[in-house]
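The values are calculated or read from the model by the stated rules, or taken from the named source; none is laboratory data. Worth saying up front: this structure is predicted, and the values here are computed from it rather than measured. Positions of Cβ are backbone-derived with ideal geometry, glycine not excepted, and every protein chain shown enters the neighbour counts. The accessibility values were calculated without ligands, DNA or RNA, using every heavy atom of the protein model including side chains. Shrake-Rupley method; radii C 1.70, N 1.55, O 1.52, S 1.80 Å.
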Amino acid sequence: MDETPTEDSVARAVRDLYETLLRAWNHRDAQGYAALFAPDAAMIGFDGSQVRGSEVAGHLAPIFADHPTAAYVWKIREVRRLGSDAAMLRAIAGMVPPGQTELKPDLNVVQTLVAVYGAETWQVALFQNTPAAHHNRPELVEQHSSELGQVLREASEPG
């Protein structure tokens, strides 16, 4: 990087990277999703599967081909710079199953994305989905779902 980017420009770029990633998932676009990962990145799925960045497209293509996947709804909690060429994003997300209009609480997750700047762009170095089970704390499940439900309602409002 020739110039040191501002905190705001890094946060905006990392937010855009994350949102582009989830939109690619929602469009069932394995190639578009995978293109956002550095080749040596790590992706850790909801089920604990672990995939290298260079293998993401091959991992997702059969999933998108053979399974109707739910669409993400998300809320970014934090973007924090980790150095001149790295940043971390934390978010909560939920999923709306195909053909439905409401979130399915047992698919709620906490997501972490670590982004690195290289080759003139920000790329995913780590993307981790952690189930937000909130064991024995139903109030936290409700809070998570309520926040995302508000995001979902706002996204569906006209204008």
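Taking loop as defined by DSSP and a crowding limit of 13 other beta carbons within 10 Å, which GluC sites (Glu not before Pro) in region 83-148 fit?
Numbers: sites: Glu102, Glu120, Glu139, Glu142, Glu147; in loops: Glu102, Glu120.
Answer by residue number: Glu102, Glu120.
Could you work out how far the C-alpha centroid of region 36-80 sits from that of region 87-104, in angstrom?
13 Å
Given labels modelled 7 Å from the Cα in the Cβ direction, how far is it in nm from Gln150 to Arg12?
2.5 nm
Return the Rg/Rh value of the chain, two decimal places, where both radii are evaluated on C-alpha atoms and Rh is the Kirkwood radius.
Here the Rg-to-Rh quotient is 0.97.
Which whole-number value in Å² is the accessible area per residue of the chain, probe 1.4 Å?
Per residue, the chain has 56 Å² of solvent-accessible surface.
Can you give the Kirkwood hydrodynamic radius for region 104-148, in Å, rounded to one decimal and based on Cα pairs? Numbers along the way, then the final one.
Values: mean 1/r = 0.0815 Å⁻¹.
12.3 Å is the Kirkwood radius here.
Over the chain, with every protein chain in place, what whole percent of the accessible area is carbon and sulfur at 1.4 Å, could you tell me? Present the calculation step by step, with values, prior to reporting the outcome.
Values: 4470 of 8920 Å².
C and S fraction of accessible area: 50 percent.
For Glu78 and Asn136, FRET efficiency with R0 = 22 Å and r from the beta-carbon atoms, rounded to 0.05? Could the numbers behind the result be given before it?
On the way: r = 26 Å, r/R0 = 1.17.
Step by step, r from the Cβ atoms, then E = 0.30.
What do you get for the angle between helix 7-26 and the principal long axis of the chain? Use alpha-carbon atoms, 0 to 90 degrees, nearest ten.
Tilt of helix 7-26: around 50 degrees.
On the principal axes of its Cα set, how long, how wide and how thick is region 44-136? Give whole Å, largest value first.
In descending order, the Cα extents are 42, 33, 23 Å.
What is the angle, in °, between the Cα long axis of helix 56-66 and the longest principal axis of the Cα atoms in the chain? Nearest 10 is fine, range 0 to 90.
So the helix axis and the longest Cα principal axis differ by about 30 degrees.
At q = 0.22 Å⁻¹, what base-10 log of I(q)/I(0) does the Debye formula yield for region 83-159 when every alpha carbon is treated as an equal point scatterer in vacuo?
With one equal scatterer per Cα and no solvent, log10 I(q)/I(0) is -0.96.
How big, on average over all directions, is the shadow cast by the Cα convex hull of region 73-112, in nm²?
On the way: hull surface 13.0 nm².
Average of the hull's projected areas for region 73-112 equals 3.2 nm².
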